[in-house]
Amino acid sequence: LFAPASFTRQMRFENFLLMKVFLTGVGTSMLAQALMAAFHVKQFEKSRSYRQDNNGWLQVVGGCGLLGVGMAVSGSGPTMLPTQLGSGVSTAASVFLGGLAGGTLYAVLEKALSFRTSCPKRCDKERLVIDDYFTTPENSSNPKVIAALYQRFAVPMGIAMILGALFFDRIAPHSADAISLGLPPHAQGSQASSELMRTIQAILFHPIAAGVVLGINQIPLRVVSDDGQGGSTSIMNIISFLSGGYLSERHFIRSWKQASQILYVYGGTLLGGLYGFNQILSLTGADAATVRQAALGDVTWTPARTFLGGLMMVFGARVAGGCTCGHGISGVSELSLQSFAGAAAIFGGGIAITLLLRL
């Protein structure tokens, strides 16, 4: 997913890398949280933020739609951007600057006009997640009942999501997706000394394996930060830090718990992108310039275009109260109805602008 071309070609339905990672990530996240609900009920409920905050249907759908447009225009996403920075993709710097501009614009509007799209306190009458519709007034605040209801829905849905990813991989194999991006399958050209090692190397670069790791990471992150995964929040952390807390004060880092998100996204993911890119070079025998050029695909990526795309995707994410990882992975896996709508709007916005402007 470090390749900007993977975004545009997903929106054109020419490859399914993004969809495979998304479905597997959501499915595994559901199963991971079902385990939390079984063994750590208090932390499960505490970290389920999309059951607590009502971001507003119009804001979620509109913001996520703009986010999807920005992703298609920039060939990036709030959580995937650090991977591109680590891989040295030529468009990453302008997307990052655009993201800072979009986050700053939101922070200024929020400060000047009290522009806040999410409700800080949940109304007891609001039913924000699927399992809320199956509670009674007597047990709606019982953590064990809520956890059991979550498991009843999340386990079969999670398995179905993973099966969906396997179906996409059946009709559009990973090797074909890699070739469509101009990247040779990673196991080919490897100097691995055994068939087992070549198999392991191929699995490590498979989008379904990446989605599984993404989903499993929900557990340590929710235990440490009391929240799920998210990418645009890290941009706001940076903006708040650069402004000394003047802009987006609530995102100013004052504890290790608050720092865990940015360490995960702009620490771990960036280093992961750097390591993964070097592994691609090692396993394929290709040179860095060739791989980075192939990652751009057949699209003309100008600095103005990628900057504008970065601005739209981060501004949209902040309006919606979550990005592809926030609403798309964490929110959907929490069974948030608004996040289901948001995820559909992200793909809908991306597909629509791609087909409309022939991106």
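The values are calculated or read from the model by the stated rules, or taken from the named source; none is laboratory data. What you are looking at is a predicted structure, and each value in this text was computed from that prediction instead of being measured. Using ideal geometry, Cβ is built from the backbone for each residue, glycine included, and neighbour counts are taken over all protein chains shown. The accessibility values were calculated without ligands, DNA or RNA, using every heavy atom of the protein model including side chains. Shrake-Rupley method; radii C 1.70, N 1.55, O 1.52, S 1.80 Å.
The table that follows gives values for the structure above.
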quantity: Failed condition for Glu195, given (1) at pLDDT 90 or above; (2) open to solvent by 40 Å² or more (accessible area, probe 1.4 Å); calculated: (1)
quantity: Within region 42-54, considering residues that are open to solvent by 10 Å² or more (accessible area, probe 1.4 Å) and of a type outside the set (D, E, K, R), the one farthest from Gly331 (Cα to Cα); calculated: Gln43
quantity: Residues located in region 308-342, provided they are open to solvent by 10 Å² or more (accessible area, probe 1.4 Å), touching a residue at least 60 places away in the same chain (Cβ under 8 Å) and farther than 13 Å from Gly230 by Cα; calculated: Leu308, Leu311, Met312, Phe315, Val319, Leu337, Ala341
quantity: Filter result (assigned to a loop (DSSP other than H, G, I, E, B) and either more than 17 Å from Lys46 (Cβ to Cβ) or hydroxyl-bearing (Ser, Thr, Tyr) (or both)) within region 133-172; calculated: Thr135, Thr136, Pro137, Glu138, Asn139, Ser140, Ser141, Ala172
quantity: Condition check for Ala107: within 27 Å of Arg358 (Cα to Cα), open to solvent by less than 30 Å² (accessible area, probe 1.4 Å) and not basic (Lys, Arg); calculated: no
quantity: Any hit, region 92-105, residues being in contact with a Ser or Thr (Cβ under 8 Å, 6 or more places away or on another chain) and free of Cβ contacts under 8 Å to residues at least 60 places away in the same chain; calculated: yes
quantity: Region 223-250 - residue that is open to solvent by 30 Å² or more (accessible area, probe 1.4 Å) and assigned to a helix (DSSP H, G or I) and, of those, farthest from Ser47 (Cα to Cα); calculated: Leu242
quantity: Boolean, Phe39 is closer than 19 Å to Gly309 by Cβ, open to solvent by 40 Å² or more (accessible area, probe 1.4 Å) and aromatic (Phe, Trp, Tyr); calculated: no
quantity: Region 281-296, residues that are touching a Leu at 6+ places or on another chain (Cβ under 9 Å) and crowded, with 20+ Cβ neighbours inside 10 Å; calculated: Val291, Ala295
quantity: Residue in region 5-20 that is farthest from Gly75 (Cα to Cα), counting only those that are open to solvent by less than 20 Å² (accessible area, probe 1.4 Å) and either part of a loop (DSSP other than H, G, I, E, B) or touching a Gly at 6+ places or on another chain (Cβ under 7 Å) (or both); calculated: Lys20
quantity: Residue under evaluation Arg292, criteria (1) of a type outside the set (Asp, Glu); (2) at pLDDT 95 or above; (3) over 28 Å from Lys46 (Cα atoms), criterion not met; calculated: (2)
quantity: Considering residues of region 251-272 that are outside any helix (DSSP H, G or I) and not small (Gly, Ala, Ser) only, the residue most open to solvent (accessible area, probe 1.4 Å); calculated: Arg254
quantity: When residues of region 132-179 are limited to those that are open to solvent by less than 50 Å² (accessible area, probe 1.4 Å) and free of Cβ contacts under 8 Å to residues at least 60 places away in the same chain, the one nearest to the chain's Cα centre (by Cα); calculated: Ala178
quantity: Region 297-307, residues that are surrounded by fewer than 20 Cβ atoms within 10 Å (Cβ to Cβ) and assigned to a helix (DSSP H, G or I); calculated: Pro303, Ala304, Arg305
